[in-house]
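Following: one structure in structure tokens, then a few remarks.
The values are calculated or read from the model by the stated rules, or taken from the named source; none is laboratory data. Being a predicted model, the structure only gives us computed values, none of them experimental. Don't worry about glycine lacking a Cβ; one is built from the backbone with ideal geometry, like all the others, and counts go over all protein chains shown.
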Amino acid sequence: MAFTTGYMTNTRDFGTACSNVVVNLVNEDTVNAATVTIQIFFSLVPDTKTPLYVTSVNLPANSIARRTFFIQGVLAYEVQYNVASAAPANVVLSNFGLDQFGNVVQEHRVLQSELTTIPALSPVI
């Protein structure tokens, strides 16, 4: 099951820019483990989508994980997730943008219910 935040503008022109994006992963399944692939794309110029991070996180049953990614200076970014599990609906995803002081940037808060389902992760070229 794949999801995206969509592209998020990350400039001071539209509020507070983020220095980091924190990804939170929760496996609510009490039996099955899950693997979550995270891809973060960025843009420094309009109309260009460039991979910045690609990583996988193994989540044992009934566990949580958090990963932080540095994104300071990018014009826009997108977080994509792919959940591989016997029960993918039991994996809860969210991400939060943090400013240079570690404060949450509310405009960059994306909860599970706000993610958009996509057919597959974008190819990393």
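Structural remarks
- Asn10 meets all of the listed conditions (1) crowded, with 20+ Cβ neighbours inside 10 Å; (2) at pLDDT 95 or above but one, namely (2).
- Close contacts from region 31-46, counting a first residue that is without any contact (Cβ under 8 Å) to a residue 40 or more places away in the chain and of a type in the set (Ser, Thr, Tyr) and a second that is surrounded by 15 or more Cβ atoms within 10 Å (Cβ to Cβ) and in a loop (DSSP other than H, G, I, E, B), with Cβ to Cβ under 6 Å and a gap of 6+ residues or different chains, come to Ser43/Leu75.
- Here Val45 meets each of (1) farther than 23 Å from Ala120 by Cα; (2) of a type in the set (Val, Ile, Thr); (3) at pLDDT 95 or above with one exception, condition (3).
- Thr30, sole failed condition from (1) touching a strand residue (DSSP E or B) at 6+ places or on another chain (Cβ under 7 Å); (2) exposed (fewer than 15 other Cβ atoms within 10 Å of the Cβ): (1)
- Residue within region 92-105 that is closer than 22 Å to Asp29 by Cβ, of a type in the set (A, V, I, L, M, F, W, C), touching an Asp or Glu at 6+ places or on another chain (Cβ under 8 Å) and at pLDDT 95 or above present: yes
- Test: residue in region 28-40 that is in a strand (DSSP E or B) and among the hydroxyl-bearing types (Ser, Thr, Tyr): yes
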